[in-house]
Structures are given as structure tokens and as C-alpha cells.
Amino acid sequence: MLDHVTLRTADLEGTRAFLETVLDLKPGYRPAFGFPGYWLYAGKDPIVHLIPGRAGPVDRHGETIDHAGFRLADYHGRRRKLDALGIAYSTMDLPELGERRLFVHTPTGILLELVFREGENFDGA
């Protein structure tokens, strides 16, 4: 089981606000490290740690973590929310797995995969 993901970002506040808005995560307790950052919680679990990083192009060909995936509920509600916020996304339906996916980028270009397993039909609705 994955415990958490740590994301480095040149826009600590913007990325925090984005993840709070898009994923409904909440900032919570974080030990007093000697550098800034946030721990963002889903319920009682701090699943995303944010720390400062340098700005630079995202190299999807290098050896790195490509994206972080989050299991969420309410596929259609999440799409409506992204549309209302003007956040671009792409979709992928995997009916053989009973899954739908949305792909979004944080303000600094980190790719997030939002996975929904709700038994929804796949008629394009």
C-alpha cells in the first residue's frame, strides 16, 4: 500500500490551493521540518506532501515518476467541478476494468490521474 506521495513544486501555495480545490484535500499537521511545505490529508491520512522545488520543464522521457493517481468518487460531479473551474482535462474509459479516468495538470505541470470505480455505464454520459 502506498503511504503518500511527495511533490516538489516551484509554486507551493498555488499547488496547495489546486490540490485542495480539485481533490478536496485538507492541510493538516506537519512536523516542524527546517523547510517549508504542507501535508495534505484525505480524511485522517496525509497522502500528499508538498515541498519547494525548482521550476523547470517536465521531462516525461527521463527516469522519474510520471504521475500520481488518486481514487475518487463521483466521476460526473468531478467533471462538472473541473469544467466550472476552467481546468482542462482529458478522459480515458476502461470498461473492462469498470473504471473511468480524468487526467489534469497542476499549475506547475505535475500530471494527476483521477480514477473512478463506480460501476457507471460507459455510454459516454
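Enter the angle in degrees (range 0 to 90, nearest 10) between the Cα long axis of helix 75-85 and the first principal axis of the Cα atoms of the chain, meaning the one along which they spread out most.
On a 0 to 90 degree scale, this one is about 60.
In bins 10 Å wide, starting from 0, what share of all Cα pairs of the chain does each bin hold, as a percent?
Reading upward from the zero bin: 11, 41, 34, 12, 1, 0.
Specify the angular offset, from 0 to 90 degrees and rounded to the nearest 10, of the alpha carbon long axis of helix 12-23 from the longest principal axis of the alpha carbons in the chain.
30 degrees
The numbers here are math on the coordinates, done by the rules we state, and not lab data. Predicted model, so just to flag it, every value in this text is computed and none were measured.
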